[in-house]
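What follows is a single structure, written as structure tokens, with notes after it.
The values are calculated or read from the model by the stated rules, or taken from the named source; none is laboratory data. No experiment lies behind these values; they were computed from the predicted model shown. In this analysis, Cβ positions are derived from the backbone assuming ideal geometry, glycine residues included, and neighbour counts consider all displayed protein chains. Surface accessibility is based on the protein's heavy atoms, side chains included, excluding ligands, DNA and RNA. Shrake-Rupley method; radii C 1.70, N 1.55, O 1.52, S 1.80 Å.
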Amino acid sequence: MARAWHIANGHLATGEKDGARVAALLRLDEARSRPLSHTQREVLDQLEHAAMPFLERTSTGAAGLVVTPSGRRRFGFILTTNELLLIDDGDICATVLGRAVEDRARVEGPAGALCALLRELLRDHPARLSRMREDFELMEQQVLEGRERPDRRKMMADSRRMLGLDTFYQGMSDLAAELAEDDSGLVAPADRTRLRSLARLLGRLAMRLESLQDYSLQVHSLYQESIDVRQNNVMQWLTVVTTIVMPLTLVTGWYGMNFPHMALFDVPWGYAAVIVACVVIVAVEVAFFWHHGWLSFGERRRGGGERRG
């Protein structure tokens with residue numbers, strides 16, 4: 001795993017050149033064993049529990065932390081005019097800078113190396129946002145068609161990822177903007193231009209994320225509305241069944257009373273008459289409910305409303 005990087009013909013390259021380097025990778029214990037300023041030590045002390053990326057100015061440059069959107073991986077950096085020190089106990093910095101070397105990222109100084117690192121972290125984010133949008137479009141289609149229920153776990157997982165991305169973009173935007181506006185000589189002019197470009201990229205990603213969050217809220221509302229509609233339909237059917245059964249219950253209860261001389265008790269066709277009466281009652285009720293669209297989950301009613309309009 002690479003531990004140092006230098007600039008070769010304006011591009012980031014692996015290793016040192018003539019003993020010089022533009023960026024170096026350290027473990028946390030190695031960084032703490034170095035002579036650090038009070039601010040730098042305070043920043044590194046937050047490496048294990050930081051929630052979002054941030055940057056702090058120091059007397060010799062800047063120090064900060066970068067937290068991935070998942071919140072589970074972090075690395076720190078100490079930036080001076082001569083060198084970028086990366087503090088990472090994992091492999092995220094080495095992997096990302098390896099991609100930057102392959103892409104021949106243009107770098108003028110240590111701040112440029114940091115910019116290349118941050119830009120590589122964002123490489124797959126447009127595709128990631130597109131995949132999340134496709135997930136919500138599929139969920140919306142499933143809700144509208146009503147053939148199957150969308151995966152609620154996937155919906156909540158995407159919502160959590162969007163929350164992590166929102167925090168990530170906010171912190172990264174502040175970090176990039178702070179370095180892009182530096183006028184102390186810490187950042188070379190060409191690297192300041194690249195940092196401004198990075199800030200604009202973060203702004204575009206943040207806008208896409210905001211629209212995606214709004215869309216996810218619409219899908220969640222649509223899903224909740226579909227649940228309410230299904231519950232209303234169930235209650236409607238229960239009401240219809242109860243209404244149909246009530247007259248029959250009245251008839252059976254009435255003729256269940258043990259009183260002599262009740263109508264139809266002594267005639268041979270009485271039982272058949274009661275049966276016919278019950279059938280007629282049920283038929284009239286079913287015809288009434290069907291005419292008003294109460295037996296079609298509201299579809300007939302909506303159609304009738306459109307025709308009347």
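Kindly indicate the residue of segment 263-278 that is open to solvent by 80 Å² or more (accessible area, probe 1.4 Å) and modelled with pLDDT under 80 and also nearest to Val143 (Cα to Cα) among those meeting that condition.
The extreme case among them is Phe265.
Going residue by residue through segment 224-241, is there one that turns out to be farther than 23 Å from Arg57 by Cβ and touching a helix residue (DSSP H, G or I) at 6+ places or on another chain (Cβ under 6 Å)?
Yes, because at least one residue in segment 224-241 is farther than 23 Å from Arg57 by Cβ and touching a helix residue (DSSP H, G or I) at 6+ places or on another chain (Cβ under 6 Å).
Pick from Pro260, Pro247: which is modelled with pLDDT under 80 and either closer than 24 Å to Trp294 by Cβ or surrounded by fewer than 11 Cβ atoms within 10 Å (Cβ to Cβ) (or both)?
Numbers: Pro247 fails: modelled with pLDDT under 80.
Pro260 is the lone residue from the list that is modelled with pLDDT under 80 and either closer than 24 Å to Trp294 by Cβ or surrounded by fewer than 11 Cβ atoms within 10 Å (Cβ to Cβ) (or both).
Taking the criterion of being of a type in the set (D, E, K, R) and not in a helix (DSSP H, G or I), would at least one residue in segment 213-229 satisfy it?
So far as segment 213-229 goes, no, none of its residues is of a type in the set (D, E, K, R) and not in a helix (DSSP H, G or I).
If you scan segment 27-37, which residues turn out to be closer than 19 Å to Thr81 by Cβ and open to solvent by 20 Å² or more (accessible area, probe 1.4 Å)?
Arg34, Pro35, Leu36, Ser37
List the number of the failed condition for Arg208; all other conditions in (1) over 27 Å from Arg74 (Cα atoms); (2) touching a residue at least 60 places away in the same chain (Cβ under 8 Å) hold.
(1)
Please find, within segment 9-26, the residue that is farthest from Arg99 (Cα to Cα) out of those that are of a type in the set (D, E, K, R) and surrounded by fewer than 15 Cβ atoms within 10 Å (Cβ to Cβ).
Result: Asp18.
Here are some conditions: (1) at pLDDT below 90; (2) over 30 Å from Phe289 (Cα atoms); (3) crowded, with 16+ Cβ neighbours inside 10 Å; (4) over 17 Å from the mean Cα position of the chain (by Cα). Leu198 meets all but one. Which one does it not meet?
Going through the list (1) at pLDDT below 90; (2) over 30 Å from Phe289 (Cα atoms); (3) crowded, with 16+ Cβ neighbours inside 10 Å; (4) over 17 Å from the mean Cα position of the chain (by Cα), Leu198 breaks only (1).
Answer yes or no: is there a residue in segment 5-20 that is closer than 12 Å to Ile87 by Cα and of a type in the set (Asp, Glu).
Looking through segment 5-20, none of the residues is closer than 12 Å to Ile87 by Cα and of a type in the set (Asp, Glu).
Considering only residues that are within 11 Å of Leu122 (Cβ to Cβ) and either aliphatic (A, V, I, L, M) or in contact with an Asp or Glu (Cβ under 6 Å, 6 or more places away or on another chain) (or both), which ones fall in segment 189-205?
Leu198, Leu201, Leu202, Leu205
Out of (1) modelled with pLDDT under 90; (2) surrounded by fewer than 19 Cβ atoms within 10 Å (Cβ to Cβ), the odd one out for Ser216 is which?
Evaluating Ser216 over (1) modelled with pLDDT under 90; (2) surrounded by fewer than 19 Cβ atoms within 10 Å (Cβ to Cβ) leaves (2) as the failure.
Please indicate, with yes or no, whether at least one residue in segment 226-242 is among the charged types (D, E, K, R) and open to solvent by 100 Å² or more (accessible area, probe 1.4 Å). Quick ask: steps written out before the conclusion?
Initially, segment 226-242 is screened for residues among the charged types (D, E, K, R), giving 228, 230.
Applying the additional criterion that residues be open to solvent by 100 Å² or more (accessible area, probe 1.4 Å) yields none.
Within segment 226-242, none of the residues are among the charged types (D, E, K, R) and open to solvent by 100 Å² or more (accessible area, probe 1.4 Å).
Looking only at segment 117-148, how many residues end up being part of a helix (DSSP H, G or I), open to solvent by 60 Å² or more (accessible area, probe 1.4 Å) and without any contact (Cβ under 8 Å) to a residue 60 or more places away in the chain?
Qualifying residue count, segment 117-148: 7.
Only one of these conditions is not met by Leu84: (1) loosely packed, with under 15 Cβ neighbours inside 10 Å; (2) within 26 Å of Arg194 (Cβ to Cβ); (3) touching a helix residue (DSSP H, G or I) at 6+ places or on another chain (Cβ under 8 Å). Which number is it?
Going through (1) loosely packed, with under 15 Cβ neighbours inside 10 Å; (2) within 26 Å of Arg194 (Cβ to Cβ); (3) touching a helix residue (DSSP H, G or I) at 6+ places or on another chain (Cβ under 8 Å) one by one, Leu84 breaks only (1).
Determine whether segment 162-181 contains at least one residue that is in contact with a helix residue (DSSP H, G or I) (Cβ under 7 Å, 6 or more places away or on another chain) and not in a helix (DSSP H, G or I).
no
Considering Val96, Val101, Val67, Val107, which residue is crowded, with 16+ Cβ neighbours inside 10 Å, of a type outside the set (D, E, K, R), closer than 30 Å to Pro189 by Cβ and without any contact (Cβ under 8 Å) to a residue 40 or more places away in the chain? Don't jump to the end; show me each part of the working.
Values: Val101 fails: without any contact (Cβ under 8 Å) to a residue 40 or more places away in the chain; Val67 fails: without any contact (Cβ under 8 Å) to a residue 40 or more places away in the chain; Val107 fails: without any contact (Cβ under 8 Å) to a residue 40 or more places away in the chain.
Sole residue among the options that is crowded, with 16+ Cβ neighbours inside 10 Å, of a type outside the set (D, E, K, R), closer than 30 Å to Pro189 by Cβ and without any contact (Cβ under 8 Å) to a residue 40 or more places away in the chain: Val96.
Of (1) among the charged types (D, E, K, R); (2) touching a helix residue (DSSP H, G or I) at 6+ places or on another chain (Cβ under 7 Å); (3) over 22 Å from Val187 (Cβ atoms), Arg72 satisfies all except one. Which?
Here Arg72 meets the rest and fails (2).
What are the residues in segment 23-34 that are assigned to a loop (DSSP other than H, G, I, E, B) and under 37 Å from the mean Cα position of the chain (by Cα), if any?
Arg27
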